[in-house]
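Structure first, commentary second.
The values are calculated or read from the model by the stated rules, or taken from the named source; none is laboratory data. The shown structure was predicted, so the numbers you read here are calculated from the model rather than taken from an experiment. Cβ: placed from backbone, ideal geometry, glycine included. Neighbour counts: every protein chain shown.
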């Protein structure tokens, strides 16, 4: 295929697809491992950020401000060349890259999780405690699931950013997608085809993650809607059932029988007898 004076060979891209896939596998591996560790670290940061201890809050706030201020590329170079190599630590380039990504993204995710946790109303916690749950159990079963739903969109965006930022580890020698592409382009001088394939692969990866996040949002939104409808139905159904039970109880309840009235004749006889018995004695 010819565009202007540039010739595009899709056969060249297809023939080297194995090299691209090797780079994609390592890119996904680094992104998934680093994001998993960053998620755990971010949750810990969020909890310590809400600690009652002022010293802990100040320490975590300093951590967040420092790591969010350092450019990721500079931090990756510092971790690998400034720490690992300078102090002769047994740390590979992949491990150094994962560590740098984890530390940086933990600071960002910590603020996201803190916002999600604080968005859950205090009444939810009080209701869980009133049911006999302990604070850890109430947090795990009531607060954390709702905070997770709230944090899905920004967390998904952070994972997309992680996939893209994982390309920066190529500077420390990690053979991920960008480094594999760079080597192939320098060896074959087919820069357009190589970097076109690289762009398309990153586009497919990030778009797939985007639709996965949207699917999770719709799924949890549907669950919330169905739960709300079920609650309304249970409330109305409960009221209707209560009215029905009250009507059944009224029907089953024996009717009160009024006391029998005496016949008028019996009343006259009784009155006559009383007058005779209670009247003055007849003269003898």
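When segment 173-193 is filtered for residues that are modelled with pLDDT under 95 and either buried (at least 20 other Cβ atoms within 10 Å of the Cβ) or touching a strand residue (DSSP E or B) at 6+ places or on another chain (Cβ under 7 Å) (or both), the ones remaining, listed by number, are 192, 193.
In the set 64, 112, 83, only one residue is closer than 30 Å to residue 27 by Cα and modelled with pLDDT under 95; that residue is 83. Name the helices (runs of 4 or more DSSP H) wholly within segment 1-108 that hold at least 1 residues that are under 32 Å from the mean Cα position of the chain (by Cα) and surrounded by fewer than 15 Cβ atoms within 10 Å (Cβ to Cβ)? Fully inside segment 1-108 and qualifying: 17-49, 54-69, 72-77.
Of 213, 194, 174, 199, which residue is under 15 Å from residue 25 (Cβ atoms) and either touching a residue at least 60 places away in the same chain (Cβ under 8 Å) or part of a helix (DSSP H, G or I) (or both)?
The unique qualifying residue is 174.
Are any residues in segment 49-67 under 21 Å from residue 147 (Cβ atoms) and free of Cβ contacts under 8 Å to residues at least 60 places away in the same chain, and if so, which ones? Selection gives 51, 52, 56, 57, 60, 61, 63, 64. Residue 153 meets all of the listed conditions (1) surrounded by 15 or more Cβ atoms within 10 Å (Cβ to Cβ); (2) in contact with a helix residue (DSSP H, G or I) (Cβ under 7 Å, 6 or more places away or on another chain); (3) touching a residue at least 24 places away in the same chain (Cβ under 8 Å) but one, namely (1).
Among the residues in segment 207-215, are any at pLDDT below 95, surrounded by 14 or more Cβ atoms within 10 Å (Cβ to Cβ) and either closer than 27 Å to residue 46 by Cα or touching a strand residue (DSSP E or B) at 6+ places or on another chain (Cβ under 6 Å) (or both)? Looking for residues that are at pLDDT below 95, surrounded by 14 or more Cβ atoms within 10 Å (Cβ to Cβ) and either closer than 27 Å to residue 46 by Cα or touching a strand residue (DSSP E or B) at 6+ places or on another chain (Cβ under 6 Å) (or both), one finds at least one in segment 207-215, hence yes. Among residues of segment 131-143 being surrounded by fewer than 17 Cβ atoms within 10 Å (Cβ to Cβ) and assigned to a helix (DSSP H, G or I), the one that is farthest from the chain's Cα centre (by Cα) is 135.
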